[in-house]
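The values are calculated or read from the model by the stated rules, or taken from the named source; none is laboratory data. Remember, it's a predicted structure, so these values are computed and weren't measured experimentally. Here the Cβ positions follow ideal geometry from the backbone for every residue, glycine too, while neighbour counts run over all protein chains shown.
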Amino acid sequence: MRTTGKTVSFLAALLLVCGVSSYAAESDKGTLVLDLDDCIRRALSKAPELGEARADIELAAAKLEEAKAHRYPQIEFLGLAGPVSKARGNQIYSPDRIDRLHGLTVFARGDATLVQPLYTFGKISERMKAATHGIEVDKARQDQKSNEIVLKVKEYYYGLLLARELKEVVTEVGEILDKARDNARKLLDKGSANVEPADIYKLDAFSGEVRKYTEEARKGESLALAALRAQMGLPPDAPFDIATQRLTPDDAKSGADLQASLESAKVRRPEYRQLKEGLQARAALVEAAKADYYPDFFLGGYLSGAYSPDRDRVTNPWIRDEFNHLWAGIALGLKWKIDFGITSAKVAQERAQYNRLLSTNDYANANIPLQVRKAYFELNEADQSIAATRDAYSNAKKWAVSAVANFDMGVGPAKEIFDALQSYARMRAEYFQSIYNYRMSLANLDYAVGQVPLEPR
């Protein structure tokens, strides 16, 4: 019974490993059937994460347009209209006094100022540069999200196939056990010396546990299909199945080279692009903050006009009438804001952000190559494991068939069946696990080197 328990525990563990992915329901008319590429394309077109990334790109583009707009004139206009005291006379004499009301009239006034920046020591240009690199950062982040979605879809898809194959293994073992149990009962009824009542109990217990884990696998199938549907934006009850029927190693061959993969990662990995563009953006923001130490040179223009029908116009240039005039002027200007520590603190903040990104860059340079190496070595390990486990489960199957035949003829012990089935179930499951590992290692390697995902349809 201990041997039997180990076999069932092993099968249960393998089923739980792929519990997040499993086998789809049998296709019927009207069912959406997609292969891996179609699943990836649909996930890329429906993923809300990519919608967020596109919004971030639009936001960065808007920031760039805002930075560019600071190069152009800024015009401010103020309009007023209201009541005012009447005024008669001229600049020499008036019968009216400023401190008394001599009847009311109306006035209308408009003031417009224009400021055209000429030179700002980098306040505008550096922020434009930072915004430009910020757009590239968000584009690279979108590519990273796409790669993560592709990896997740592959995990679900291949896990679904693995669970289907493991379910077949469990079903096959259960069928062999059922036949062995029926034959054992017949031999026991005939009084065979090779069969004891305890053998029947062991076979019954083993078969019961196999059925239990089969039901658990079916439960995992529903969860996996729900996850795959959600990833592709399908309704929870949408009829859906994957096109691939078996998990085979036939098309899972790769000519990956470690050095070529490492070089490819440096060029194509979105994280490297994010860091490169991010560092340039942060460097530009540091320079923009430093520019606040210096003044802004600008060209200024001013236009003011006011009219009141019951007030006499005064033409003396030394006397200002705020309610009846027309003034205009243009001049070169300088604006210099001097503070005590505020600008230096802002520069320190921007430099700290830049240094933080430098540390992130060092971390990426150390860990992305490690990720590539890990995926590459796991790929080779799984490739070797496929051939080894294929031979192992083939021989174990022959052993199981021989043990069952011997038991049926009354010349072999029941324990031989348990041992043979344990070996067969374990090696058959490990064979499919090796294929799954190979495919996922290949997917992880594609992700690690920044393989460009399929374009959404």
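Structure values in brief
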{"item": "The listed residue being surrounded by fewer than 19 Cβ atoms within 10 Å (Cβ to Cβ) and closer than 29 Å to Thr248 by Cβ, out of Lys219, Lys167", "result": "Lys219"}
{"item": "Among (1) charged (D, E, K, R); (2) surrounded by fewer than 19 Cβ atoms within 10 Å (Cβ to Cβ); (3) touching a residue at least 24 places away in the same chain (Cβ under 8 Å), the one test that Lys186 misses", "result": "(3)"}
{"item": "Region 296-309 residues that are over 18 Å from Val115 (Cα atoms), paired with ones that are among the polar types (S, T, N, Q) (beta carbon under 7 Å, 6 or more apart)", "result": "Ala306/Asn324; Tyr307/Asn324; Ser308/Thr105; Ser308/Asn324; Pro309/Thr105"}
{"item": "Where Arg273 falls short, out of the listed (1) buried (at least 20 other Cβ atoms within 10 Å of the Cβ); (2) within 30 Å of Lys139 (Cβ to Cβ)", "result": "(1)"}
{"item": "Filter result for Ala348 (in a helix (DSSP H, G or I), buried (at least 20 other Cβ atoms within 10 Å of the Cβ) and modelled with pLDDT of 90 or more)", "result": "no"}
{"item": "Residue satisfying condition, being without any contact (Cβ under 8 Å) to a residue 24 or more places away in the chain and within 43 Å of the chain's Cα centre (by Cα), within set Glu148, Glu168, Glu126", "result": "Glu168"}
{"item": "Residue within region 285-301 that is under 30 Å from Leu332 (Cα atoms) and of a type in the set (Val, Ile, Thr) present", "result": "yes"}
{"item": "Checking Lys186 against (1) outside any loop (DSSP other than H, G, I, E, B); (2) within 54 Å of the chain's Cα centre (by Cα), the condition it does not meet", "result": "(2)"}
{"item": "Hits in region 366-387 - residues which are loosely packed, with under 13 Cβ neighbours inside 10 Å and farther than 15 Å from Leu258 by Cβ", "result": "Ala366, Asn367, Gln384, Ala387"}
{"item": "Only one of Arg320, Arg356 that is free of Cβ contacts under 8 Å to residues at least 24 places away in the same chain, loosely packed, with under 13 Cβ neighbours inside 10 Å and under 30 Å from Arg97 (Cα atoms)", "result": "Arg320"}
{"item": "Inter-residue pairs, beta-carbon under 9 Å, first in contact (Cβ under 8 Å) with a residue 40 or more places away in the chain and at negative phi and in region 106-117, second surrounded by 14 or more Cβ atoms within 10 Å (Cβ to Cβ) and among the basic types (Lys, Arg), 6+ apart", "result": "Phe107/Arg311; Pro117/Lys123"}
{"item": "Unmet criterion (only one of (1) touching a Pro at 6+ places or on another chain (Cβ under 6 Å); (2) of a type in the set (S, T, N, Q); (3) surrounded by 18 or more Cβ atoms within 10 Å (Cβ to Cβ)) for Gln116", "result": "(3)"}
{"item": "In region 129-161, the residues that are modelled with pLDDT of 90 or more, within 30 Å of Phe240 (Cα to Cα), surrounded by 22 or more Cβ atoms within 10 Å (Cβ to Cβ) and among the aliphatic types (A, V, I, L, M)", "result": "Val150, Val153"}
{"item": "Criterion violated by Tyr93 - all others in (1) touching a strand residue (DSSP E or B) at 6+ places or on another chain (Cβ under 9 Å); (2) over 30 Å from Leu234 (Cβ atoms) satisfied", "result": "(1)"}
{"item": "Residue within region 226-248 that is of a type in the set (Phe, Trp, Tyr), touching a Ser or Thr at 6+ places or on another chain (Cβ under 8 Å) and under 19 Å from Lys154 (Cα atoms) present", "result": "yes"}
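Residue-by-condition table, conditions (1) of a type outside the set (A, V, I, L, M); (2) modelled with pLDDT of 85 or more; (3) under 30 Å from Gly208 (Cβ atoms):
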position	(1), (2), (3)
Thr3	yes, no, yes
Leu14	no, no, yes
Ala25	no, no, yes
Glu52	yes, yes, no
Leu59	no, yes, no
His70	yes, yes, no
Phe107	yes, yes, no
